[in-house]
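Since every read-out is calculated from the coordinates, none of them should be taken as a lab result. Treat the numbers as computed from the prediction; the structure is a model and nothing was measured.
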Amino acid sequence: MSIEELEKYRNILYKTKAKPLGEFFDVVIAMRNRDVVKAKMHIANLKKYFANNEKFFTVFTTLEDFDKKDQSSTIKKT
């Protein structure tokens with residue numbers, strides 16, 4: 001899926017009640033662009049949105065921790 005398609009679906013989600021899921025698309029777009037700082041910011045926002053949902057909170061915490069543990073060059077750190 002291209003970044004343009006991701007942005008298209010994200011924009012649709014931002015216009016609905018599923019706005020927090022649009023933030024997830026922002027995470028994917030930031031990761032595709034190798035922008036770790038933006039990805040972390042969006043993950044932090046997702047954790048705020050889904051603080052009361054244990055399953056989502058666990059997934060987003062894992063994503064956040066993955067960057068700390070993974071020191072490979074898959075995503076360039078700036």
Of K19/K47; K19/K48; K15/K40; K17/K38, which ones are farther than 19 Å apart at the Cα?
K15/K40; K17/K38
Where Rh is the Kirkwood radius over the Cα pairs of region 3-69, the temperature 25 °C and the viscosity 0.890 mPa s, what D in µm²/s does Stokes-Einstein return?
203 µm²/s
